[in-house]
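These notes concern the structure reproduced below.
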Amino acid sequence: MGRVVDVSDAEFDMATSSNEWVLVDFWAPWCGPCKMIAPILNQIANEKDITIAKVNTDMNPLSMGKFGFRGIPALVLFHNGKPVDQKTGAMPKPMFDQWLGKYMD
């Protein structure tokens, strides 16, 4: 199945350029909604063939700036090295399943 990895600004392009599905999670340790979706993202990694790339925006602010996000959690779904879709804010697991299911099922 999938995996969860921590990604820095320096590793971002390499981490998102593979031919597999990659869901980038821009988060911060102080962010309540980020903490709320963390177990959901771990569960998704256990259920789907996807890499969850976690980018701590406190330590790695550059990558998030490329997408113009103003808030976190911010999520970008990549496939074949290209962004496919993006979302901002926390969601319950069924909404994640519905969102990812549009592309991955």
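The values are calculated or read from the model by the stated rules, or taken from the named source; none is laboratory data. Small disclaimer: the values here were computed from a predicted structure and weren't measured. Virtual Cβ from ideal backbone geometry, glycine too; neighbours counted across all protein chains shown.
Which one of these is in a helix (DSSP H, G or I), surrounded by 15 or more Cβ atoms within 10 Å (Cβ to Cβ) and at pLDDT 95 or above: Leu100, Leu77, Leu23? Give the derivation first.
Values: Leu77 fails: in a helix (DSSP H, G or I); Leu23 fails: in a helix (DSSP H, G or I).
Of the residues listed, the single one that is in a helix (DSSP H, G or I), surrounded by 15 or more Cβ atoms within 10 Å (Cβ to Cβ) and at pLDDT 95 or above is Leu100.
Test Gly65 against the stated conditions and say whether it is at pLDDT below 95 and out of contact with any Pro (no Cβ under 6 Å at 6 or more places or on another chain).
Judged against the criteria, Gly65 is a match.
Which of (1) modelled with pLDDT of 95 or more; (2) hydroxyl-bearing (Ser, Thr, Tyr); (3) under 21 Å from Asp105 (Cβ atoms); (4) more than 11 Å from the chain's Cα centre (by Cα) does Thr51 not meet, given it meets every other one?
Single failed check for Thr51: (4).
Can you find, within region 80-95, the residue that is surrounded by the most Cβ atoms within 10 Å (Cβ to Cβ) among those that are out of contact with any helix residue (DSSP H, G or I) (no Cβ under 6 Å at 6 or more places or on another chain), over 16 Å from Ala15 (Cα atoms) and in contact (Cβ under 8 Å) with a residue 24 or more places away in the chain?
For region 80-95, the residue satisfying everything is Met91.
Is there any pair linking a residue in region 44-71 that is in contact (Cβ under 8 Å) with a residue 40 or more places away in the chain to one that is hydroxyl-bearing (Ser, Thr, Tyr), with Cβ under 6 Å and at least six apart or on different chains, and which?
Val55/Ser63; Asn60/Ser8
Going by the conditions given, is Lys87 at pLDDT 95 or above, among the basic types (Lys, Arg) and closer than 17 Å to Val4 by Cα?
no
Name the residues in region 84-97 that are closer than 21 Å to Arg70 by Cβ and either in contact with a Cys (Cβ under 9 Å, 6 or more places away or on another chain) or assigned to a loop (DSSP other than H, G, I, E, B) (or both), would you?
Selection gives Gly89, Ala90, Met91.
Counting just the residues of region 26-48 that are of a type in the set (Gly, Ala, Ser) and outside any loop (DSSP other than H, G, I, E, B), which one comes out nearest to Asp105 (Cα to Cα)?
Top of the filtered list is Ala45.
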